[in-house]
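Every number in this text was worked out from the coordinates using simple rules, so none of it is lab data. Since the model is a prediction, treat every value here as computed from it, not as a measurement. Please note: Cβ atoms are built from the backbone with ideal geometry, for glycine as well, and neighbour counts cover all protein chains shown.
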Amino acid sequence: MTKPVIIITYARSLMALTVAQSVRPITGRLIGVDSVDWTVLGFSRLCDETRCIPDPNETPNDYVQALAALSRECLEETGGPVLVMPVFEDTPLLAEHRDAFPAGVTVAAPPAKAIAQVHPKDRLARSVEAWGVPAPETQVLTEPDAAQRPDVEDALPAILKPAEGCGGRGITLVDDPETLEAELDDRDDTTLVQSPAPGEDYCVTAMADGETVFALSAYRNLEQFPPQSGAGALRETVDAAPFQSAMEKIARGTGWTGTLQADFRWTGEAGDTPQLIEINARLWAGITHSVHSGVDYPLLLAKQALGEPLPDAGEPEIGYRSKLPFLWLAGLTGKSLDEADYLAQIEENWRELREADASLVDRIGQLWQDMTDFETLKDDIDAALERSRRGGDADVDVGPSEAGSTALGSLFILSHLLRYGRLPAEVKHD
């Protein structure tokens, strides 16, 4: 059978690099697409070609049409098949617009009907009861004066989160009515008020076939940066058995096909029940960790979408640890460097370096040095050394070994900085 052309989106990211590494053996031609010209995937040896297309967040219709046109071009050149693999926040968009792609093109995304039950987040709040999955009590607010309602005030303390958004963006813990009113005044869109769930966050990942879960793994973040709501900087694989029943109920309740990622809160005690707090209809920022831990989700997803026989799903290695270098190093500073200062400083440094009279390689090197400057440890050295010991032997979570971790870390953020002047969501949030 002719090997497929595989088109991978969000080519700027380490996530796309991991997907490419997984599917490279089964593709005849691999194309990376993004709205930025300079991408991690484009610089790797895995990619045959890159294309710059519109940004899905700025002009979603143009983005879909550009991908459809590229897919049609590939079909005419090779005769097919063509597989489009959305990597991040474009997944719901492409699932909804499958019909825009010509026959012979497959979009590796869950069914739009399944996604509609969990995205935006207010829909998930209404779905969990029907599935019988334990979840924190959640109110969905759409009225501007909702802060004045007694039932909303009685729910405090609570976590506010936007119905739309990726990762930890816009999530705030509110303890009093005054803060609640101020927060809601600043929010124009639908907001969720969710009771805090005890325990720690767990990222649970699976492959489903519309009825059953046939691959399952889980990890937790030992370190995050920023500490309260940021992306995992040091991750550890844990036993997924406590979450299996809930994941199977979600798969059956939604008719989910493909990758499934859910966030739970759990105390870790056998007598306590994990509570579902979020489902993301996309690949997750820790996909590299999941693959290196033992479950090759991108390969399973590609094979499933193409209708090919599936390889053995594999078993995750419990206790496996990995770190994302630049976030882990930043996290070593403990309290001596806060989120706003660190992220703002990186962006400011890049704006200065972009205009500097130096080679591109020198500018990348300088930015990396700025990001990992251990002088920032001086105010919190004891805590930093302890955290360094905990993560020092973890694998570096960066994809193919032929590209150095320094280059990958720099390329990932620089590709976004070049176009937008700010850091991408994947770095800021899991």
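When only alpha carbons are used to place a centre, the stretch 277-308 and the stretch 231-269 end up 13 Å from one another.
Averaged over residues, the count of other Cβ atoms within 10 Å places the peptides 200-206, 114-120, 99-105 in the sequence 200-206, 114-120, 99-105, highest first. Computed from the C-beta positions of Ile318 and Asp357 and an R0 of 41 Å, the FRET efficiency is 0.20 to the nearest 0.05.
Does the stretch 17-63 come out rounded, prolate or oblate by the C-alpha gyration tensor, with a ≥ b ≥ c the root eigenvalues, rounded set by a/c under 1.5 and, if not, prolate when a/b is larger than b/c and oblate if not? Prolate shape, in that a/c is at least 1.5 and a/b is the bigger ratio.
Projected label points at Arg123 and Asp37, each 7 Å from Cα along the beta carbon direction, are separated by 3.7 nanometres. A simple count of charges around Val23, restricted to other residues whose Cβ falls under 11 Å of its Cβ and scoring Lys, Arg +1 and Asp, Glu -1, yields +2.
Taking all Cα pairs closer than 8 Å and separated by 6 or more residues, the relative contact order of the stretch 1-98 comes to 32 percent.
Take the residue pairs Lys161/Lys303; Lys3/Lys249; Lys113/Lys161; Lys121/Lys303 and return only those whose Cα atoms are more than 32 Å apart.
Beyond 32 Å: Lys161/Lys303; Lys3/Lys249.
Here the peptides 47-60, 291-304 are ranked by packing, the mean other Cβ count within 10 Å, and the order with the highest first is 291-304, 47-60. Working note: Cα atoms of the stretch 64-120, range along each principal axis, descending, whole Å: 37, 17, 16. Net charge of the neighbourhood of Gly132, taken over other residues with C-beta under 15 Å away and scored Lys/Arg +1, Asp/Glu -1, is +1. Summary of packing: across the peptides 61-69, 313-321, 274-282, 37-45, the per-residue average of other C-beta atoms within 10 Å ranks them, highest first, as 274-282, 37-45, 61-69, 313-321.
Would you mind giving the three semi-axes, in whole Å and largest first, of the ellipsoid equivalent to the stretch 5-109 according to its Cα gyration tensor?
18, 17, 12
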